[in-house]
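Reviewing the structure listed below.
Please treat every number below as a calculation from the coordinates, not as lab data. The structure displayed is predicted, hence computed values, not measured ones. Note that we place each Cβ from the backbone using ideal geometry, even for glycine, and neighbour counts take in every protein chain shown.
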Amino acid sequence: MEYKNIEKIDLAILPTPIQRLKNISKAYGANIYIKRDDLTGLGMGGNKLRKLEYLLKEALDLGCSAVLTHGATQTNHGMLTAAAASKLGLKTILILKDSSGKRPELSGNLMLDEILGADVRLVNTQGLDKEEAENLASQAAKEAVLEYEARGMKVYEIPTGGSSALGSLGYVRAAGEIKDQAEAMDLKFDYLICGQGSKGTFSGLWLGSKYYQTDYELIGVNVMETPATIKEDLASFINEVSSSYEMNISCRPDDLKLVEDAFKEGYAVPDRETFQTIRDLARSEGIFVDPTYTGKVFVAMLDLIRTGEIEKGSNILFVHTGGYPGFFTDYHTDFVKAHKDIF
Ligand SMILES: *Cc1c(COP(=O)(O)O)cnc(C)c1O
């Protein structure tokens with residue numbers, strides 16, 4: 001079916017605002033704007049709601065009474081799935097891979113999952129390689145689905161990050177929204193910057209930029225370790241979305257621009273430079289970026305400006321994808337306590 005005929009439900013407050021970061025722009029000699037997808041309005045906001053608008057529409061159409069999804073212990077996507085599902089009267093099952101080897105503290109998203117009443121199933125993946133961890137998680141998912149089916153419920157399964165072809169349409173649509181807003185503001189963006197984790201946001205925005213014929217360059221910033229084939233993987237996912245929804249757009253790996261090493265010491269591992277940037281943005285604009293995703297992406301963007309890869313005077317749109325609950329996890333609060341000198 002064609003993209004434009006695919007229906008969604010309304011979960012997020014859209015369009016999200018685009019604002020100019022006046023003080024940071026002045027300090028860096030560029031016009032930096034921020035797309036506030038942290039303000040999507042349900043369950044503390046974030047990018048996953050745009051994908052869930054499509055995914056949960058399909059779940060309802062299929063007559064499902066529960067949704068199951070996957071992620072890391074502190075997944076924002078899992079919590080937002082539980083929030084959106086609650087609103088729609090669906091039960092949520094979360095299969096969470098935990099490699100820490102300890103019992104995770106009930107903090108951040110895990111605490112919110114509890115409040116939302118999600119059925120949280122932790123899978124201990126300590127010492128396992130990626131494939132073994134995946135296998136263990138899909139086995140846990142299979143068992144959960146059987147249990148719910150035995151109770152007469154039908155379960156809709158959503159992949160990690162909500163990044164199926166259908167879910168990523170949320171960000172194709174967001175590219176259209178950005179185009180309309182830019183026109184209304186009489187602005188032309190030269191660059192769009194977003195985090196890249198599970199493919200959906202970056203791929204959707206890339207496809208959307210072609211579909212809606214905008215001429216900025218999209219730069220994705222990896223927020224986690226990725227395989228050496230990441231560009232090939234993204235291009236083939238993009239081509240899959242394009243052909244599934246008859247968009248007639250094709251993508252080669254070389255068409256994609258990624259910053260591959262911005263996750264610093266590792267996915268969700270706190271670091272000094274990111275917290276300094278979080279501090280500087282908060283103290284100059286009153287806006288928080290989070291320590292796991294958007295903070296690292298913001299650091300990468302400022303580096304590109306500093307090194308001249310993004311020319312001075314450019315119009316840049318930073319996509320704030322949310323992630324606030326990450327602040328309130330033990331490993332991030334411990335880092336802040338141990339690095340008082342930064343603050
Ligand atoms: C999931 C997430 C991302 C990455 O989005 P993907 O679509 O998975 O690439 C970025 N920022 C935040 C806050 C997220 O929760």
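For every residue, the table says whether it meets (1) within 30 Å of K35 (Cα to Cα); (2) surrounded by fewer than 16 Cβ atoms within 10 Å (Cβ to Cβ).
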site	(1), (2)
Q139	no, yes
E143	no, yes
Y148	no, no
S163	yes, no
A182	yes, no
F189	yes, no
G197	yes, no
S203	yes, no
- Confirm whether L192 is within 19 Å of Y54 (Cα to Cα), within 15 Å of the ligand (Cβ to nearest atom) and touching a residue at least 60 places away in the same chain (Cβ under 8 Å). no
- Would you be able to say whether some residue in segment 90-101 is without any contact (Cβ under 8 Å) to a residue 40 or more places away in the chain, closer than 26 Å to A174 by Cβ, surrounded by fewer than 19 Cβ atoms within 10 Å (Cβ to Cβ) and hydroxyl-bearing (S, T, Y)? no
- Are there any pairs with C-beta distances below 7 angstrom linking a residue in segment 159-172 that is more than 8 Å from the ligand (Cβ to nearest atom) to a residue that is acidic (D, E), with the two at least 6 apart or on different chains, and if so which? A165/E240; L166/E58; G170/E53
- Would you mind stating whether F288 is within 25 Å of D330 (Cβ to Cβ), over 17 Å from the mean Cα position of the chain (by Cα), surrounded by fewer than 23 Cβ atoms within 10 Å (Cβ to Cβ) and touching a residue at least 12 places away in the same chain (Cβ under 8 Å)? no
- Task: Quickly run through segment 156-193 and pick out the residues that are small (G, A, S) and either within 14 Å of the chain's Cα centre (by Cα) or more than 30 Å from S138 (Cβ to Cβ) (or both).
- Result: G161, G162, S163, S164, G167, S168, G170, A174, A175, G176, A182, A184
- Out of the residues in segment 231-266 that are closer than 16 Å to L169 by Cα and out of contact with any helix residue (DSSP H, G or I) (no Cβ under 8 Å at 6 or more places or on another chain), state the one that is nearest to the ligand (Cβ to nearest atom). S236
- Message: Just checking: which of the helices (runs of 4 or more DSSP H) contained wholly in segment 235-343 hold 3 or more residues that are touching a strand residue (DSSP E or B) at 6+ places or on another chain (Cβ under 6 Å)?
- Response: 294-306
- State whether the residues of segment 140-151 include one that is within 16 Å of the ligand (Cβ to nearest atom) and closer than 17 Å to A72 by Cβ. no
- Here the residues within segment 219-230 that are within 13 Å of the ligand (Cβ to nearest atom) and either charged (D, E, K, R) or buried (at least 24 other Cβ atoms within 10 Å of the Cβ) (or both) are G220, V221, V223
